[in-house]
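Read the structure below first, then the notes.
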Amino acid sequence: MARFFVDMPLTGGALLDLPERVLRHVQVLRLREGETLTLFNGQGGEVAATLTALGRREARCLLGAHDPVSRESPIWLGLAQAISSGERMDFTLQKGVEMGVSVFQPLAAERSVVKLAGERADKRLARWQEIVVAACEQSGRTVVPRVLPILSVEAWLAASHDAAVKLLLSPLGSKRLADIAERPTSAWLMAGPEGGYTDVEERSALASGWTPLKLGPRVLRTETAALAAVAAIQTVWGDYALS
């Protein structure tokens, strides 16, 4: 069934005019009047809706009852990802959503190839949020993770982070996840850019209370490392362990 995010209230029994973005998708999929689609607004749960009218510039649907289904991970997981180049960052965001990441924090690291500021940064953030929304539509997520404004590594480490565990992907790590904590309810994961964090950045993170985590003996690319760590966290502490 076609599934779309709409940033508006979803009240059972109401008629809803679909926003232009969703209308375009409906037209591409060649949906017809009487067919059903699923809508969600990121506030939890979803609604089955039936197309009652469909034209070139508008589409209207009748909303069914709210289904409070939740597909969120039992562990709240934030990913602080140093900005990577090309499509790597897009890939990390998309797959991170599918794997249950709760919020994304882009970091401007010393070795980040892409440097973003001002209007260019705003446009990239908007694009990243669009990728997150599309990944939620595809994966069945009912809560949309936020992509937070870009921070420098220094500013990020100076801020407070309300999580039971703070993990830094680092070659200095030696402990297993199971040795670090007994199934925490929340965690932050900090992943580096191409070339990793500098010695100064890494020392600052360790001094700020981040626990170094090493993912085996092989060197992983930036987009591989973050997602491998997310998968490991879900396996040991999250919903992979419970399914």
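The values are calculated or read from the model by the stated rules, or taken from the named source; none is laboratory data. This is a predicted model, so every value here is computed, not measured. Quick reminder, even Gly has a Cβ in these numbers, built from the backbone with ideal geometry, and neighbours come from all protein chains shown. In case anyone asks, the SASA skips ligands and DNA or RNA and just uses the protein heavy atoms, side chains included. Shrake-Rupley method; radii C 1.70, N 1.55, O 1.52, S 1.80 Å.
Points worth noting:
- Highest-MSF residue in the chain out of LYS166, LYS95, LYS175 [GNM, Cα springs under 10 Å]: LYS175
- Of the residues SER170, ALA207, SER186, the one whose Cα sits farthest towards the positive end of the charge dipole of region 159-207 is SER186 (charges of +1 on Lys and Arg Cβ, -1 on Asp and Glu Cβ, taken about the Cα centre).
- Accessible-area value, ILE233, 1.4 Å probe, nucleic acids and ligands omitted, Å²: 0 Å²
- If you run the Gaussian network model on the chain, springs between alpha carbon atoms under 10 Å, then out of ALA135, ALA178, ALA109 the most flexible one is ALA178.
- Difference of contour (0.36 nm per residue) and Cα-Cα distance, ASP67 to GLU87: 3.7 nm
- Sequence-ordered 3J(HN,Hα) estimates for region 23-28 from the Karplus curve with 6.51, -1.76 and 1.60 and θ = phi - 60° stand at 4, 4, 5, 4, 5, 5 Hz, glycine and proline given as x.
- For the set LEU37, LEU116, LEU15, solvent exposure ranked by accessible area (probe 1.4 Å, protein chains only) runs largest to smallest as LEU15, LEU116, LEU37.
- MRE, 222 nm, helices only [DSSP H, n ≥ 4, -39500 (n - 2.57), over the chain, to nearest 500]: -9500 deg cm²/dmol
- Top of GLY64, GLY100, GLY78 by mean-square fluctuation, Gaussian network on the chain, Cα under 10 Å: GLY64
- Placing +1 on the Cβ of every Lys and Arg and -1 on the Cβ of every Asp and Glu, with no other charges, gives the chain a dipole of roughly 420 debye about its Cα centre.
- Whole-Hz Karplus values for region 106-114 come out as x, 10, 8, 8, 4, 9, 5, 5, 8 Hz, taken residue by residue from phi with 6.51 cos²θ - 1.76 cosθ + 1.60 and θ = phi - 60°; glycine and proline positions read x.
- Gyration tensor (Cα) of region 73-229, equivalent ellipsoid semi-axes in angstrom: 22, 19, 14
- If you count Lys pairs in the chain whose Cα atoms are under 28 Å apart, skipping same-chain pairs closer than 8 places in sequence, the total is 11.
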